[in-house]
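Enquirer: Sharing a structure here in structure tokens format.
The values are calculated or read from the model by the stated rules, or taken from the named source; none is laboratory data. Computed from a prediction, not measured in an experiment: that's the story for all the values here. Because the Cβ atoms are built from the backbone with ideal geometry, glycine has one as well, and the counts that use them run over all protein chains shown. Please note that ligands, DNA and RNA were not included when accessible areas were found on the heavy atoms of the full protein model with its side chains. Shrake-Rupley method; radii C 1.70, N 1.55, O 1.52, S 1.80 Å.
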Amino acid sequence: MSDLPIFVFGTLCHDALRDVVLGDASVVAAVPACLSDYRTHWVEGQDYPMLVPTPGAQADGLILDGLTDTHRARLDFFEGGFGYDLIEVDVTSGGETRKALRFQPDHDARPGVAWRLSDWADLHAPLWAAAAREAMGYFGRITGAELAARMPLIRLRAAARVRAEASLPATLRSDMDTSADIDVLATRQPYVDYFAVGEVDLTFRRFNGTMSAPVTRAAFRMGDAVTVLPYDPVADTVLLVEQFRMGPYMRGDPKPWLLEPIAGRVDPGETVETTARREALEEADLNVTKLHYVSGHYPSPGAVTEFIYAYVAEADLSAKDGTVAGLASEAEDIRSHVISFDHFMRLVETGEVAAGPLVTSAYWLALNRARLRGDA
């Protein structure tokens with residue numbers, strides 16, 4: 001049974017993603033095929049498809065011929081960890097019926113609308129290819145089940161990499177880039193869990209045109225984040241959140257409860273504005289109205305990949321002071337403080353407000369406050 005070809009019907013029909021998963025696929029032939037009495041649908045609320053039994057229909061896909069044992073192991077690693085088992089099926093290819101294997105989920109999922117590879121490719125292929133490159137780097141080092149547990153954070157980091165490809169302006173800074181001006185000698189990932197630590201041996205182009213001596217550098221690899229400073233232009237108040245923070249604690253701060261803006265990670269496939277509104281609900285039980293973009297920035301570019309999209313959001317802040325919210329699933333315990341704008345700026349001046357993104361948003365609000373109040 002293990003010698004049979006494998007029939008793939010969904011995301012693995014995308015050449016770039018399949019090549020990442022298989023590795024060296026030069027000996028693998030991908031032959032068009034179809035599975036009768038099934039139709040391919042989106043999984044409701046997800047960015048991948050499922051097969052739905054549908055008499056008289058057919059699901060298009062590919063038969064993968066010439067798979068080696070390593071190819072099969074890589075496919076099983078990528079798919080098997082998500083609760084997919086291989087089952088034998090009959091598929092049609094070139095007018096002939098052939099025996100093949102396909103991955104069958106061992107869990108229930110709700111089907112959405114009909115799925116097309118072209119629609120998926122336009123919306124999700126870059127993210128999935130980036131995620132697969134990290135995921136397949138763990139092949140032979142962890143189990144498929146461990147990979148499945150890591151995939152949400154792998155996808156979070158992948159989404160950040162995709163957004164990073166739309167580079168920031170370069171009018172004053174140099175036009176050097178990674179393709180021509182960095183030579184990677186070796187890469188390592190000594191730690192991965194909620195964060196991943198990447199370590200790289202490399203040389204980089206110096207401003208005199210020469211390449212540097214080899215250096216070793218490391219960084220925390222994270223997803224992108226959104227921050228939201230809620231402002232009530234009628235009452236001239238702001239909402240700050242307070243919570244325990246691991247960074248100040250590990251630094252040795254005896255009071256590691258920090259005043260911050262509302263903040264959260266940008267989920268894969270989510271717009272930054274959607275994240276801003278979602279996090280306001282989750283962390284402060286707050287519906288915001290207008291969102292004002294403050295800046296996009298790296299808060300600590302020497303060691304952290306995180307990119308922050310900062311917003312000031314208009315909202316009615318009455319009756320929100322003292323609200324305690326947050327997701328129980330993430331052990332969040334977040335208290336809201338509603339204070340006057342003048343009180344807020346005094347806290348910035350004294351240093352009690354010490355979260356960088358909040359300070360950035362404070363000064364943006366100071367510059368634009370009169371306009372926002374005039375529009376209210």
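Enquirer: What residues qualify as long-range amide H neighbours of Val43, i.e. H under 5 Å apart, gap of 5 or more or another chain, H built at 1.01 Å from N?
Expert: So Val43 has HN proximity to Tyr48, Met50, Gly112.
Enquirer: For Thr54, what residues show an amide H to amide H distance below 5 Å, using hydrogens built from the backbone and excluding near sequence neighbours?
Expert: Correct list: Tyr38, Arg39.
Enquirer: With each run of n ≥ 4 DSSP H residues scored as -39500 (n - 2.57), what mean residue ellipticity at 222 nm is computed for the chain after dividing by its residue count and rounding to the nearest 500 deg cm²/dmol?
Expert: Estimated from H runs of four or more residues: -9500 deg cm²/dmol.
Enquirer: For the stretch 1-64, what mean projected area does the convex hull of the alpha carbons give, in nm²?
Expert: 5.2 nm²
Enquirer: Work out from phi, with θ = phi - 60° and the Karplus expression 6.51 cos²θ - 1.76 cosθ + 1.60, the ³J(HN,Hα) of each residue of the stretch 289-299, listed in order in whole Hz, and give x for Gly and Pro.
Expert: After applying 6.51 cos²θ - 1.76 cosθ + 1.60, I find 9, 6, 10, 10, 6, 9, 5, x, 7, 8, x Hz.
Enquirer: Let me know the Rg and Dmax you get for the chain when you use only its Cα atoms, in Å.
Expert: In order Rg, Dmax, the Cα atoms of the chain give 25.0, 77 Å.
Enquirer: As an exercise, identify the trypsin sites (Lys or Arg not before Pro) in the stretch 60-122 lying in DSSP coil whose Cβ has no more than 16 other Cβ atoms within 10 Å.
Expert: On the way: sites: Arg72, Arg74, Arg98, Lys99, Arg102, Arg116; in loops: Arg116.
In loop regions of the stretch 60-122 (DSSP not H, G, I, E or B), the sparsely surrounded trypsin sites (Lys or Arg not before Pro) are Arg116.
Enquirer: Tell me which lysines have Cα within less than 28 Å of Lys290's Cα, excluding those fewer than 8 residues away on the same chain?
Expert: Partners found: Lys320.
Enquirer: Turning to a different aspect of this structure: Please give me the summed charge of the neighbours of Leu51: other residues whose Cβ is under 9 Å from its Cβ, Lys and Arg +1, Asp and Glu -1.
Expert: Here the count lands on +2.
Enquirer: How large is Rg over Rh for the stretch 43-155, taking Rg from the Cα atoms and Rh as the Kirkwood inverse mean of 1/r across Cα pairs?
Expert: In the stretch 43-155, Rg relative to Rh is 0.96.
Enquirer: Near Thr227, within a Cβ-to-Cβ distance under 10 Å, what is the net charge of the other residues, with Lys and Arg +1 and Asp and Glu -1?
Expert: -2
Enquirer: Residues with amide H under 5 Å of Ile262's amide H, sequence separation 5 or more or different chain, H placed in the peptide plane at 1.01 Å from N; which?
Expert: Under 5 Å from the amide H of Ile262 lie the amide H atoms of Val228, Val241, each far enough along the sequence or on another chain.
Enquirer: If you don't mind, another one. Counting only other residues whose beta carbon sits under 9 Å from that of Ala355, what net charge do I get with K and R as +1, D and E as -1?
Expert: Surrounding charge for Ala355 is 0.
Enquirer: How big is the convex hull of the Cα atoms of the stretch 75-233, per residue, in Å³? Display every interim value, and only then the final one.
Expert: Working: hull volume 39.7 nm³, N = 159.
Convex hull of Cα atoms, per residue: 250 Å³.
Enquirer: Distances over 18 Å make up what percent of all Cα-Cα pairs in the stretch 235-376?
Expert: 58 percent
Enquirer: Next question. Quick one: how many Å² of Ile262 are accessible to a 1.4 Å probe, rounded to 10?
Expert: My reading of the accessible area for Ile262 is about 0 Å².
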